[in-house]
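The values are calculated or read from the model by the stated rules, or taken from the named source; none is laboratory data. Not measured: the values here are computed from a predicted model. Don't worry about glycine lacking a Cβ; one is built from the backbone with ideal geometry, like all the others, and counts go over all protein chains shown.
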Amino acid sequence: MLRKILAMAAVLSLVGAVGILGFAQKQVVIAVVWSGAELEAFEKTLIPFEEDTGIDVVIESVGRDLPAVLVTRLAVGNPPDLAAMPNPGQMKEFANQGALVALEGIVDLSESSKAFIDLAKVDDRVYGLFISADLKSLVWYSPKAFAAKGYEVPTSWPAMIELCNKIVADGGTPWALGMESGAASGWVGTDWVEDIMLRTAGPDLYDKWVSYEISWRHPAVKKAWEYFGQIVQQPNYIYGGAPGALMIFFGDSPNALFTDPPEAYMHRQATFIQSFILNANPDLVPGEDYDIFPFPPISPIFGNPLLGAGDLISAFNDTAETRALLNYLASAEAQGIWCKALGKLAVNKTVDPSIYPDPITVKAAEMLANAEVFRFDGSDLMPAAVGAGTFWSGVLDFVSGIPLDTVLASIEASAIDAYTK
Amino acid sequence: MALGIFFKRKRGYFLLRTGRLQPWLFIGPALLLLSFFLVYPSIHTTVLSFFGRPYSAGAEGFIGVENYKHFFTDRSMLTAFRNNALWVVIFTTFTVCFGLMFATLLDRVRYEKIIKAIVFIPMAISMVGASVIWKFVYAFRPAGANQVGLLNAIVVFFGGKPVGWLIERPWINNWCLIIVGIWIWTGFCMVILSAAYKNIPRELMEAARIDGASEWQVFWRIILPILKPTVAVVTTTMIVFVLKIFDIVYVMTNGNFSTEVIANRMYKEMFSFYRYGRASAIAVVLLLLIIPVMLFNIRRFREQETVR
C-alpha cells in the first residue's frame with residue numbers, strides 16, 4: 001500500500017515538473033474568429049515572430065461564438081491573453097467592463113493610420129489594434145465605358161445625380177445594384193445608407209445613431225434615407241428597377257458594367273467585390289477595364305469620410321509576450337504578410353504598396369492611408385436584431401416601395417427593444 | 001443480468017413471472033430515450049420561454065409572460081401568423097387534393113408507374129435543394145437581358161414583362177413559396193392515398209357501375225367514403241408538417257417581403273438575435289398549436305387500425 005502511494009507521489013511530482021517546465025516556455029494565447037484561409041494567413045503571419053522571439057503563439061480558432069466564449073472565460077477569470085474582436089462595439093463593451101489593457105505606451109502605434117487609432121478608442125484610451133481593413137466607400141466603374149460616352153467621374157453628390165440623368169438621357173442605366181444575399185439580404189443597402197449618413201450628418205451624429213443615442217426618427221437619419229431614395233426610388237437609375245435591386249445576387253450585379261453595350265455604369269461596393277468581378281470576367285484588366293472612385297462627398301463640412309470594416313485585436317492580459325506580439329502585429333512586416341495573403345488593406349502606413357496584388361488595391365490603400373475620418377460598418381455595431389434584422393429588412397422594404405415613415409417606425413420599434421441600457 | 005440475479009435470490013423471478021416488470025423492461029429504453037431527447041428539452045424550452053436575455057450586459061432573468069406578449073403583438077410575428085394560416089389552408093388543400101386526384105385517376109392509365117414515379121421524385125430532393133432549384137425558376141433579370149429564370153423566360157417569350165415573383169407581396173410571393181411545398185409533398189400524399197385506393201374491393205365499384213352510377217357518383221359515394229380515414233390521416237399529417245414550415249422560406253426569401261413564417265421567426269430570434277427566451281416562447285406556442293392536430297391524428301389512426 002505504502003509503496004503504491006509513493007509511486008503515485010512520484011508520478012504526480014513528475015507530472016507537476018513537466019507542467020512547470022512547459023509553463024516556463026514563453027507563450028501567448030490568442031482567440032480568433034478566423035478559420036480557413038484567414039486562419040492560414042494568420043498562422044503564416046506569426047511564423048517570423050515565433051522564430052525571432054521563441055515565443056509560442058497558441059491560436060484558438062473559436063469561430064462565430066467568440067463573444068459568448070469571451071464573456072464566459074472572463075466571468076471565470078481565465079480570458080485568453082489576446083483576442084481578435086468581432087467589431088469595435090464588442091471591444092467597447094469589454095473595455096467598459098475594465099477587462100481590456102490600454103495600449104498606449106505598450107504598443108508602438110506611430111505607424112498606424114490615425115483614423116484607426118481613433119476608432120479603437122474608448123474614453124480617449126486606445127484598447128485595440130487594427131491590423132487590416134476593408135474599404136466600403138467605393139464606386140466601381142469602367143473607364144473605357146465612361147470614355148466612350150464622355151462621362152466624367154463625379155466628385156460631388158449633385159455631379160453624380162447630374163451624371164445619372166445624363167446616362168438616362170443617353171438611354172443607359174446608371175447603377176448596377178443587387179441586394180440579394182440569401183439570409184443576409186439587405187446588407188448592401190444598409191452600407192449605402194451608412195455611407196450617406198456619414199456624409200450628410202457627419203461622424204459624430206453617425207456614432208450617436210449607431211449607439212442609439214438618437215432615434216431612427218431623427219431628421220438626420222430620415223435625410224440619409226431620403227438621399228438613398230434619390231437613387232433607388234428612380235426606376236430609371238437602377239438596372240432592373242426595384243425588382244432588379246431586390247432579386248439580383250450582390251455578387252452578380254457588377255457584371256452589368258461589363259456587357260457590350262454596358263447595362264449599367266456604376267456599382268457601389270467594398271474592396272472585396274473585385275474577386276467576384278474577376279471570377280465572372282477573368283479577362284478584365286484592373287485599372288483599365290474597371291477602376292474605382294471614392295463615393296462622392298455630399299456635405300462640404302464633412303468632406304469625404306470612409307466607411308469600412310477591419311480586423312481588431314485587444315489584450316486581456318498585460319505580459320511581456322503579449323506586448324511583443326502586439327508590437328509585431330502593428331509592424332509593417334506582419335501586416336504585409338497578412339494583407340498580401342488576403343488582399344486586405346494594411347493599417348500600418350509604412351507597408352510597402354508593392355505587396356498589393358493590383359493597382360486597384362494600391363489605390364484603395366492610398367485612400368485609406370489619407371483618410372481623415374474612418375467609420376466602422378454601423379450595422380455590424382448595432383445589436384443583431386437591428387443591424388442584422390430590421391435594418392436589413394427595412395432597406396428591402398424601402399426599396400420595394402413601403403413608405404419611409406413606416407420603415408423607420410418599425411426599425412425604431414425593434415431598436416427600443418434591442419438596445420440594452 | 002444483475003437485476004435477474006437480485007430477484008432470483010429474493011423471490012425467484014417473481015416480478016418477471018407475473019409480468020409486472022417485463023413490460024417496463026421492454027419499454028424502458030424507449031422511455032429513457034424519449035424523456036432524454038423529447039420530454040426534458042420540452043420542459044427546458046418551456047422554462048426558458050419565461051426568461052429574458054442571457055448575456056451579462058443586459059441580462060434580464062425571469063420576465064414572466066413578456067416573451068409570449070411579444071409573440072402576439074410584434075408586427076412581423078403577426079405576419080408570420082397570417083402566413084402560417086395561409087400555408088395550412090393552401091398547402092394542405094392542394095397536396096391532399098392533387099394526391100387524391102393522382103391516386104384515383106392514374107389507376108386507369110397505362111403508364112401509371114412512370115407517372116407516379118415522376119410525381120414522387122421531388123420527395124427525394126431535400127427541402128433546401130428544392131428551394132434552391134425553385135429560386136432559379138423564379139429568378140429575375142431586367143427586361144432585355146437573358147432571362148435565367150424559367151418562369152420569366154416563359155413570360156417574356158409570350159411577350160410579357162419579367163415579374164419579380166418573390167418580391168410581389170403579399171399574395172404572389174407567398175403563393176410562389178407554397179407551390180414549392182406542394183410540388184415536393186404531393187407525391188407523398190399520392191402514394192399513401194393510392195395504396196388505400198388499391199385496397200378498395202373492385203366489386204364495390206363494379207356493382208355501383210352496373211347499377212347505373214356515373215363515374216362521378218362512384219367517386220363521391222363509394223371511393224371517397226371508404227378513403228375518408230386515410231384522407232383524414234394524410235391531411236392532419238400535412239397540417240402538422242406545414243405548421244413547422246421553415247426551409248423553403250429561409251432559403252428563398254428569409255421571411256422578407258411579408259413572407260415570414262413562425263418557424264423562421266423562431267430561428268432568427270434564436271440564432272441571429274440570441275433571444276433564447278423569445279425563440280423558446282415561439283417553440284412552445286408552435287407545440288401547443290400542433291398538439292391538438294397530433295391527438296386527432298393518433299385517434300383517427302387508432303380507429304382505422306381497429307377497423308382493419
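Select, from B:256, B:152, the only residue that is buried (at least 16 other Cβ atoms within 10 Å of the Cβ) and in a loop (DSSP other than H, G, I, E, B).
Working: B:152 fails: in a loop (DSSP other than H, G, I, E, B).
Just one listed residue meets the conditions, B:256.
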Since residue A:410 meets every condition but one in (1) in a helix (DSSP H, G or I); (2) at the interface with chain B (Cβ under 10 Å from one of its Cβ atoms); (3) touching a residue at least 40 places away in the same chain (Cβ under 8 Å), which condition does it not meet?
(3)
If I filter segment A:348-370 for residues that are touching a residue at least 24 places away in the same chain (Cβ under 8 Å), touching a strand residue (DSSP E or B) at 6+ places or on another chain (Cβ under 7 Å), part of a strand (DSSP E or B) and among the acidic types (Asp, Glu), do I get at least one hit?
no
Does at least one position in segment A:202-225 carry a residue that is within 12 Å of chain B (Cβ to nearest Cβ), touching a strand residue (DSSP E or B) at 6+ places or on another chain (Cβ under 7 Å) and not charged (D, E, K, R)?
no
Select from segment B:149-167 the residues that are closer than 24 Å to residue B:254 by Cα and either more than 12 Å from every other protein chain (Cβ to nearest Cβ) or within 31 Å of the chain's Cα centre (by Cα) (or both) and list them in ascending order.
B:149, B:150, B:151, B:152, B:163, B:164, B:165, B:166, B:167
Scan segment A:1-18 and tell me whether some residue there is assigned to a helix (DSSP H, G or I) and modelled with pLDDT of 85 or more.
no
State all residues of segment B:193-217 that are of a type in the set (A, V, I, L, M, F, W, C) and either outside any helix (DSSP H, G or I) or within 31 Å of the chain's Cα centre (by Cα) (or both); if no residue qualifies, say none.
B:193, B:195, B:196, B:200, B:213, B:216
Quick check, is residue B:61 exposed (fewer than 11 other Cβ atoms within 10 Å of the Cβ) and over 26 Å from the mean Cα position of the chain (by Cα)?
yes
Restricting attention to segment B:258-284, the residues that are over 22 Å from residue A:396 (Cβ atoms) and either at the interface with another protein chain (Cβ under 9 Å from one of its Cβ atoms) or aromatic (Phe, Trp, Tyr) (or both) number exactly 2
Where residue A:309 falls short, out of the listed (1) out of contact with any Asp or Glu (no Cβ under 6 Å at 6 or more places or on another chain); (2) over 23 Å from residue A:398 (Cα atoms):
(1)
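Any chance you could count how many residues in segment B:76-100 are among the polar types (S, T, N, Q) and within 14 Å of chain A (Cβ to nearest Cβ)?
2
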Hits in segment A:102-120 (condition: in a loop (DSSP other than H, G, I, E, B) and crowded, with 20+ Cβ neighbours inside 10 Å):
A:103, A:107, A:109, A:113, A:120
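Scan A:331, A:275 and give me the residue that is within 21 Å of residue A:120 (Cα to Cα), hydroxyl-bearing (Ser, Thr, Tyr), touching a residue at least 60 places away in the same chain (Cβ under 8 Å) and more than 14 Å from every other protein chain (Cβ to nearest Cβ). Before you say what the answer is, go through the steps one by one.
Working: A:275 fails: within 21 Å of residue A:120 (Cα to Cα).
Exactly one residue qualifies, and that residue is A:331.
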Report every pair of residues separated by at least 6 positions or lying on different chains whose Cβ atoms are under 9 Å apart, first residue within segment A:236-257 and under 10 Å from residue A:175 (Cα atoms) and more than 7 Å from chain B (Cβ to nearest Cβ), second outside any helix (DSSP H, G or I) and of a type in the set (D, E, K, R).
A:245/A:180; A:253/A:180; A:256/A:263; A:257/A:263
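Regarding residue A:340, is this residue surrounded by 23 or more Cβ atoms within 10 Å (Cβ to Cβ), under 16 Å from residue A:132 (Cα atoms) and of a type in the set (Lys, Arg)?
Here the answer is no, as residue A:340 does not meet what is asked.
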Helices (runs of 4 or more DSSP H) lying entirely in segment B:37-114 (those with 2 or more residues that are within 30 Å of residue B:190 (Cβ to Cβ)):
B:75-105
